[in-house]
Amino acid sequence: MALANTTSRYGTVTKTFHWLTAALILVLIPLGLIANRLPYDTGEQLATKAWFFSLHKTVGVLLFATALARILWALSQTKPGTLHPERKGETTLADIVHWLLYGSLVVVPLSGWVHHAATSGFAPIWWPFGQSLPLVPQSEPLAGWTATLHIITTRILMASLALHIVGALKHHFIDKDATLRRMWFKTKGVPSVQPHRSKAFAPAVAGLLFAGSGALAAVLTTPEAAETPSAAPLAQAESDWVVQEGDLQITVSQFGSDVTGQFADWTAEIAFDPDAGPEFGSVSVTVAIGSLSLGSVTDQAMGSDYFNAEEFPTATYEGPIVADDDGYRVDGTLTIRDQSQDVALPFTLDLGDGTATVTGSTRTDRMTYGIGEGQTDEDTLGFDVAIDVALTATRDD
């Protein structure tokens with residue numbers, strides 16, 4: 001059997017790509033449906049859900065690579081012609097479906113992959129090359145758009161696949177021709193035909209459908225459409241030093257990968273005098289828990305088993321500022337979910353012309369605050385949580 005196509009028959013390479021792609025799709029779609037429907041209320045359930053999603057993503061990357069190889073091979077080959085050239089409408093529909101399938105085989109796994117790279121947390125891809133992609137930033141808007149695009153184009157893939165299968169079965173059982181047989185590895189009884197000539201507008205129709213799906217995804221993920229109710233913003237704290245800009249981040253390990261989140265709403269009341277001592281002032285910070293963005297697990301983090309943002313909408317950190325070996329330290333108390341723990345925060349200070357630039361970091365144990373108590377396996381969700389703060393403040397004269 002020839003490896004390459006001829007004007008009337010598909011070669012072994014094309015047939016292998018066809019059936020390998022079919023097998024991957026028939027594994028990938030059920031995996032995604034199952035993973036989406038699985039609960040994640042307990043640690044065991046979350047681990048099971050993540051396992052299915054990781055397998056789904058890993059198979060998706062394999063499908064993407066296979067689809068690219070298949071398309072490149074197809075571009076180099078002659079495509080055997082249709083067995084019924086006189087059926088122009090049927091031939092045109094088959095061409096459109098084939099272009100939709102080819103486009104879906106690229107867009108569906110690629111959109112899922114970009115979504116994975118644009119967010120953080122939950123269900124890593126099982127391979128040794130990391131979880132990021134070149135030129136793909138960590139971006140919630142990008143993650144939202146690609147997630148919606150992934151869903152829409154998956155529907156296109158499922159519809160075009162169904163039409164493709166129905167067409168093949170129609171040819172095999174109703175027309176009783178060799179359309180399906182000539183894609184199998186035995187070539188007995190396959191007639192000779194003229195080379196295939198695709199209608200020029202078939203790829204254009206498929207392209208318009210994919211462009212429309214991208215536009216629809218953009219509309220569905222605009223801030224107005226995606227907006228959800230949130231807690232009222234915190235009132236501005238009265239302070240000797242006023243924070244002009246700053247970042248408050250946490251990082252936790254999930255399934256072996258670091259997940260970093262950021263609080264968008266927090267206030268700080270700061271008193272500081274570099275000439276005082278042994279206490280140089282004090283800090284009192286209030287954080288709006290609901291303002292946390294934690295990648296793909298943001299909603300889960302707000303739930304009752306974790307931060308329980310509905311019942312405990314704020315966290316606080318307060319304590320005196322004292323001298324430290326490399327600068328200063330806050331000997332503070334961190335309170336989350338009404339659970340308190342002494343947490344020291346060393347920080348560096350660059351002070352000049354009434355402006356202070358502060359950078360500090362510390363660590364704490366989530367179990368102290370009852371966050372994710374059901375997650376007792378550190379390989380699933382790490383106990384240790386890193387807290388990083390960077391801010392610029394000016395003296396309020």
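The values are calculated or read from the model by the stated rules, or taken from the named source; none is laboratory data. None of these values were measured; they are calculated from a predicted model. Neighbour counts run over all protein chains shown; Cβ positions are idealised from the backbone, glycine included.
Here are some notes:
- Residue match in the stretch 56-70 (condition: in the same structural domain as PHE201 (by TED's automatic domain parsing), basic (Lys, Arg) and within 17 Å of the chain's Cα centre (by Cα)): yes
- Scanning the stretch 6-26 for residues that are closer than 17 Å to ILE151 by Cα and either among the small types (Gly, Ala, Ser) or exposed (fewer than 15 other Cβ atoms within 10 Å of the Cβ) (or both) returns a single hit, LEU26.
- Of the residues making up the stretch 293-320, those that are under 22 Å from LEU46 (Cα atoms) and either touching a residue at least 40 places away in the same chain (Cβ under 8 Å) or hydroxyl-bearing (Ser, Thr, Tyr) (or both) number 13.
- Strands (runs of 3 or more DSSP E) within the stretch 231-328 that include 3 or more residues more than 30 Å from ASP377 (Cα to Cα) and among the aliphatic types (A, V, I, L, M): 266-272, 314-324
- Within the set VAL389, VAL358, the sole residue that is more than 30 Å from PHE255 (Cα to Cα), β-branched (Val, Ile, Thr) and either free of Cβ contacts under 8 Å to residues at least 60 places away in the same chain or touching a strand residue (DSSP E or B) at 6+ places or on another chain (Cβ under 6 Å) (or both) turns out to be VAL358.
- Whichever residue in the stretch 95-119 is in a helix (DSSP H, G or I) and β-branched (Val, Ile, Thr) and, among such residues, is surrounded by the most Cβ atoms within 10 Å (Cβ to Cβ): VAL108
- Criterion (in the same structural domain as SER213 (by TED's automatic domain parsing), assigned to a helix (DSSP H, G or I) and closer than 22 Å to THR21 by Cα) met by exactly one of ALA74, ALA47: ALA74
- Unique match (being part of a loop (DSSP other than H, G, I, E, B) and over 24 Å from THR154 (Cβ atoms)) among THR92, THR14, THR82: THR82
- Odd one out for PHE129 among (1) among the aromatic types (Phe, Trp, Tyr); (2) touching a residue at least 12 places away in the same chain (Cβ under 8 Å); (3) more than 15 Å from THR146 (Cα to Cα); (4) surrounded by fewer than 21 Cβ atoms within 10 Å (Cβ to Cβ): (2)
- Residue check for ALA264: touching a strand residue (DSSP E or B) at 6+ places or on another chain (Cβ under 9 Å), surrounded by fewer than 16 Cβ atoms within 10 Å (Cβ to Cβ), over 24 Å from GLY354 (Cβ atoms) and of a type outside the set (Ser, Thr, Tyr): yes
- THR146 meets the conditions (1) surrounded by fewer than 22 Cβ atoms within 10 Å (Cβ to Cβ); (2) farther than 30 Å from ARG9 by Cα; (3) modelled with pLDDT of 90 or more in every case but one. The failed one is (1).
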